[in-house]
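Enquirer: Structure in structure tokens, see below.
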Amino acid sequence: MTNVLAINQLTYKHNLKTILKDVDLTLETGKIIGLLGENGAGKTTLMRLITGSAKGSGTIAVCGDSVAAHHKSHVSFTEQLRGFKPNTRIDRVANFYRTVYPDFDGQRFEELITFLQIDTSLKLGALSKGMKEKVVIALTLARQAQLYLLDEPFSGIDSMSRKRIISSIIKWKPEDATMVISDHYVSEIAPILDEVVIVKDQGIYAHKPSDAIREEFGIGIEAYYESLYEGGVKHD
Amino acid sequence: MKFDDKIPIYYQIKNYLYHEMMTGALKPGDKLPAVRQLAVDLTVNVNTVQRALGEMITEGILESQRGKGNFVTMNEQRITRLKEQLVMEQLERVYEQLHALNLTDEQIITSLKQYIAQRGQRDDQRVSD
């Protein structure tokens, strides 16, 4: 199996504070990976480093390419659409994506919009949190990328929408693409994860296949994740 | 489908499909849904479905036809053996738990008979309610 992502000795500091230190991480193609960790552990930072939006020391190769400027063409990241004005209609945003990303597939986008029950004539400012998250997911999955990074796609979303988003992930993830989903609430996505990567103490604390965790320890992913924090202080 | 997060998912998928075969929802010679469709239906990962089906193909319960899909075996012997195996697994669990309660083999048989008789009555009542 080939690797879609290879991170070597990555260190990232922000305002003299070390966020990530000497991170090594290799991800194979065709997997769904849960990126778990507390708020502030560095999950979003790690994703931004992978896309090339943030810069640290060390190397990050996406599909064997370690030039950061090229990463955005291989990686589809759940951008939070902050660059758009609230009165922008969803179909306008989609047009923008079509122009910027050559791998944006209009047909896929249409299917996703229908499946996720989104009305594209709505303006961004009129969307509820859950609806906006669905738009972000549709835009992200409509690209034919090798690596998808979904940054907490389920936060503040009702359970019906959550189920739809999970189904859309299973349905639309290209077979040989890898998807990283960050979250601090594990139980709902646990059945769809091939592997879990846990970010803790400024690094990758654990990286294991989910069924291996269940087989080795006889516990669930959530229990395993929580066990790593036992004795420590929990923030939520 | 609801999964128990403590048990490997591929194992639970296998058990689910075995169950479908035992109840007749999946009959000998039936074609299974496509891997991705199964993954969507069960809300699990495509790779995990593939692993479960791969093991069932090795066991001979499923037969893979290149380009056509996966089919439940027509070999009745294999299905009979699978049923025996599933029954034995359940019995093993009950037997071990009752043994752990210090019951002798004789007592286990007596209790089981008693239970079945009582259960039969109870279920009959429920039907007539």
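Enquirer: For the stretch A:164-181, give me each residue that is farther than 15 Å from A:VAL75 by Cβ and either more than 11 Å from chain B (Cβ to nearest Cβ) or in contact with a Leu (Cβ under 8 Å, 6 or more places away or on another chain) (or both). Before the answer, list the steps.
Expert: Let us first name the residues in the stretch A:164-181 that are farther than 15 Å from A:VAL75 by Cβ, namely A:164-172, A:175.
Of everything in the stretch A:164-181, those that are farther than 15 Å from A:VAL75 by Cβ and either more than 11 Å from chain B (Cβ to nearest Cβ) or in contact with a Leu (Cβ under 8 Å, 6 or more places away or on another chain) (or both) turn out to be A:ARG164, A:ILE165, A:SER168, A:ILE169, A:TRP172.
Every residue, every condition in (1) surrounded by 20 or more Cβ atoms within 10 Å (Cβ to Cβ); (2) in contact (Cβ under 8 Å) with a residue 12 or more places away in the chain; (3) touching a Lys or Arg at 6+ places or on another chain (Cβ under 7 Å), yes or no:
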| site | (1), (2), (3) |
| --- | --- |
| A:GLY37 | yes, yes, yes |
| A:VAL62 | yes, yes, no |
| A:ARG89 | no, yes, yes |
| A:GLY106 | no, yes, yes |
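Enquirer: Hey, any hits in the stretch B:2-25 for a residue that's modelled with pLDDT of 95 or more, more than 19 Å from A:LYS31 (Cα to Cα) and in contact with a strand residue (DSSP E or B) (Cβ under 6 Å, 6 or more places away or on another chain)?
Expert: no
Enquirer: In this structure, is A:VAL23 within 18 Å of the chain's Cα centre (by Cα), surrounded by 14 or more Cβ atoms within 10 Å (Cβ to Cβ) and of a type in the set (A, V, I, L, M)? Explain how you work it out, then say what you get.
Expert: Details: within 18 Å of the chain's Cα centre (by Cα): yes; surrounded by 14 or more Cβ atoms within 10 Å (Cβ to Cβ): yes; of a type in the set (A, V, I, L, M): yes.
For A:VAL23, the condition - within 18 Å of the chain's Cα centre (by Cα), surrounded by 14 or more Cβ atoms within 10 Å (Cβ to Cβ) and of a type in the set (A, V, I, L, M) - is met.
Enquirer: Here is a check on your reading of the model: is A:GLU226 of a type outside the set (A, V, I, L, M, F, W, C), without any contact (Cβ under 8 Å) to a residue 24 or more places away in the chain and either part of a loop (DSSP other than H, G, I, E, B) or within 14 Å of chain B (Cβ to nearest Cβ) (or both)?
Expert: For A:GLU226, the condition - of a type outside the set (A, V, I, L, M, F, W, C), without any contact (Cβ under 8 Å) to a residue 24 or more places away in the chain and either part of a loop (DSSP other than H, G, I, E, B) or within 14 Å of chain B (Cβ to nearest Cβ) (or both) - is met.
Enquirer: Hey, could you check the stretch A:151-184 for residues that are small (Gly, Ala, Ser) and more than 20 Å from A:GLN80 (Cα to Cα) and say which is surrounded by the most Cβ atoms within 10 Å (Cβ to Cβ)?
Expert: My answer is A:ALA177.
Enquirer: Quick check, is A:LEU46 touching a residue at least 24 places away in the same chain (Cβ under 8 Å), more than 14 Å from chain B (Cβ to nearest Cβ) and surrounded by 14 or more Cβ atoms within 10 Å (Cβ to Cβ)?
Expert: The answer is yes for A:LEU46.
Enquirer: Among the listed residues B:ILE116, B:ILE57, which satisfies the condition of being at pLDDT below 95 and either assigned to a helix (DSSP H, G or I) or not hydroxyl-bearing (Ser, Thr, Tyr) (or both)?
Expert: From the options B:ILE116, B:ILE57, the qualifying one is B:ILE116.
Enquirer: Mind counting the residues in the stretch A:75-130 that are hydrophobic (A, V, I, L, M, F, W, C) and assigned to a helix (DSSP H, G or I)?
Expert: Adding up the residues that qualify gives 11.
Enquirer: Scanning for something out of contact with any Ser or Thr (no Cβ under 7 Å at 6 or more places or on another chain), closer than 16 Å to A:ASP194 by Cβ and surrounded by 15 or more Cβ atoms within 10 Å (Cβ to Cβ), does the stretch B:23-35 turn up at least one residue?
Expert: Step one: list which residues in the stretch B:23-35 are out of contact with any Ser or Thr (no Cβ under 7 Å at 6 or more places or on another chain), which gives B:23-27, B:29-35.
From the residues that got through so far, the ones that are closer than 16 Å to A:ASP194 by Cβ too are B:35.
Imposing the further condition that a residue be surrounded by 15 or more Cβ atoms within 10 Å (Cβ to Cβ) reduces the set to B:35.
Checked against the condition, which is being out of contact with any Ser or Thr (no Cβ under 7 Å at 6 or more places or on another chain), closer than 16 Å to A:ASP194 by Cβ and surrounded by 15 or more Cβ atoms within 10 Å (Cβ to Cβ), the stretch B:23-35 yields at least one hit.
Enquirer: Specify which of the listed residues (B:GLN65, B:GLN50, B:GLN125) is modelled with pLDDT under 95 and within 30 Å of A:PRO209 (Cα to Cα). Show your work before the answer.
Expert: Numbers: B:GLN50 fails: modelled with pLDDT under 95; B:GLN125 fails: within 30 Å of A:PRO209 (Cα to Cα).
Every option except B:GLN65 fails the conditions.
Enquirer: Evaluate the stretch B:27-44: report whether one residue or more is more than 14 Å from chain A (Cβ to nearest Cβ), free of Cβ contacts under 8 Å to residues at least 24 places away in the same chain and within 16 Å of the chain's Cα centre (by Cα).
Expert: no
Enquirer: Ok, one more. Tell me, which residue of the stretch B:8-18 that is of a type outside the set (A, V, I, L, M) and without any contact (Cβ under 8 Å) to a residue 60 or more places away in the chain is farthest from the other protein chains (Cβ to nearest Cβ)?
Expert: Among those residues, the one meeting the criterion is B:ASN15.
Residues checked against (1) more than 14 Å from chain A (Cβ to nearest Cβ); (2) exposed (fewer than 14 other Cβ atoms within 10 Å of the Cβ); (3) not acidic (Asp, Glu):
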position	(1), (2), (3)
B:LYS6	no, no, yes
B:GLU20	yes, no, no
B:THR58	yes, yes, yes
B:GLU84	yes, yes, no
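Enquirer: Next question, about the same structure. State whether one or more residues within the stretch A:146-156 are in a helix (DSSP H, G or I), out of contact with any helix residue (DSSP H, G or I) (no Cβ under 6 Å at 6 or more places or on another chain) and either under 29 Å from A:ASN8 (Cβ atoms) or at pLDDT below 95 (or both).
Expert: Looking through the stretch A:146-156, none of the residues is in a helix (DSSP H, G or I), out of contact with any helix residue (DSSP H, G or I) (no Cβ under 6 Å at 6 or more places or on another chain) and either under 29 Å from A:ASN8 (Cβ atoms) or at pLDDT below 95 (or both).
Enquirer: While we're on this one: Which condition does A:VAL180 not pass, out of (1) outside any helix (DSSP H, G or I); (2) more than 14 Å from A:ILE33 (Cβ to Cβ), if it passes all the others?
Expert: In the conditions (1) outside any helix (DSSP H, G or I); (2) more than 14 Å from A:ILE33 (Cβ to Cβ), A:VAL180 misses (2) alone.
Enquirer: With the requirement that a residue be part of a helix (DSSP H, G or I) and at the interface with chain B (Cβ under 8 Å from one of its Cβ atoms), what does the stretch A:204-223 give you?
Expert: A:SER210, A:ASP211, A:ARG214, A:GLU215, A:ILE221, A:GLU222, A:ALA223
The values are calculated or read from the model by the stated rules, or taken from the named source; none is laboratory data. The structure presented is a predicted model; accordingly, all values stated were derived computationally and were not measured. In this analysis, Cβ positions are derived from the backbone assuming ideal geometry, glycine residues included, and neighbour counts consider all displayed protein chains.
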